[in-house]
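All of the numbers you see were taken from the coordinates with simple rules; none came from a lab. Since the structure is predicted, the reported quantities are computational estimates derived from the model, not experimental observations. No Cβ is skipped: glycine too gets one built from the backbone with ideal geometry, and neighbour counts run over all protein chains shown.
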Amino acid sequence: MARAIWSGALNFGLVTVPVELYSATQDHTVHFRQFQRGTADRIRYKRVNERTGEEVPYDEIVKGYDLGGDEYVIVEPEELDEVAPGRSRTIDIDAFVDLDEIDPVYFSKTYWLAPAREEFGRAYSLLIDAMGRTNRAGLARFVMRGKEHIAAVRSGDGVLVLNTLLFPEDIRDPAKEITKLPQAGQARGKEVDMAVSLIESMADEWRPEEYHDTYTQRVMQLIEDKRAGRTITPAESPPEATKVVDLFDALSRSVEGRRRGGEPAEEPAREADGGRKP
């Protein structure tokens, strides 16, 4: 049974619902220990003074903010505690926004909100039904584990969902970070039309149960094969990128393959100089 990681009250207008916060996700990554190759010796990390090479006790370590040029501002743990926001006891909804207006890039981590006691179930259900009917999310601020969060509270499948959101300053500007972005309008009109046709032909419903972490499955299979002394089969190489000159042709064959209810047609064989074989 999961344990609540935060408890308090959810407020909107004059309605107050005591709630508990639970993590909705879990890490299923395969974790490894580190060993020196050819031995059974574990690798350990130590906090070492880079000048003396001596290990430093944790209680003698302070934080330093890099100003550049080997200049630092040293900050004591107690000083950070003094400016910490404290632990809030309420999630106060300031406004309701259309859920579709929140760019997914802002979503950080997902939690569930549950009523603290059964007697609060009616008000809790009211929020689920009202926000589900309006497709709106409540925006709020709250403090958890010494950090202030902005959150979106929304209706889930029989449960209130709280998504912590990134602040605008956390989001990078792609135009400043990526130098290889193409200019708008480089694709030809017919290519866009064909791409739209392909996308529409592949339209489907969102069924998350059909998607699985195949890499983790392969890692576990690798571990099991090595434990049993079986031969390791390498994974297939990814397909090569579509050539720019063949973009429309690749789209056309993809659409035609989808219309026939199968996979895209195989690419015609080509000569070494790039021409088609007769």
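What is the order of Phe35, Phe142, fewest Cβ neighbours within 10 Å to most?
Phe35, Phe142
Taken along the Cα-to-beta-carbon direction at a fixed 7 Å, the label points for Ile199 and Ala9 span 4.7 nm.
State to the nearest 20 debye the size of the charge dipole of the range 21-141 about its Cα centre, where the only charges are +1 on K and R beta carbons and -1 on D and E beta carbons. If you can, show how the numbers build up before the last one.
Working: 16 positive and 24 negative charges, 166 e Å.
The calculation lands at about 800 debye.
Angle of helix 214-228 to the longest C-alpha principal axis of the chain, folded into 0 to 90 degrees and rounded to 10: 90°. Packing, taken as the mean count of other beta carbons within 10 Å per residue, orders the peptides 94-105, 172-183 from highest to lowest as 94-105, 172-183. The angle between the Cα long axis of helix 121-134 and the main principal axis of the chain comes to about 40°, on a 0 to 90 degree scale.
Using per-residue counts of other Cβ atoms within 10 Å, averaged over each peptide, order 161-169, 39-47 from highest down.
Details: 161-169: 16.1, 39-47: 7.8.
Sorting 161-169, 39-47 by mean packing, highest first, produces 161-169, 39-47.
Checking (1) 323; (2) 158; (3) 132 against the coordinates, the calculated volume of the Cα convex hull per residue in Å³ falls under label (1).
Taking the C-alpha atoms only, the angle from helix 189-201 to the longest principal axis of the chain is near 70 degrees. For the chain, the number of Lys pairs separated by eight or more positions or lying on different chains, with C-alpha atoms closer than 26 Å, is 9. Under a model in which nothing but the beta-carbon of Lys, Arg (+1) and Asp, Glu (-1) is charged, the chain shows a dipole of about 880 debye around its Cα centre.
Toward the positive end of the charge dipole of the chain, with +1 on the Cβ of Lys and Arg and -1 on the Cβ of Asp and Glu, the farthest Cα among Gly13, Thr179, Ser125 is that of Ser125.
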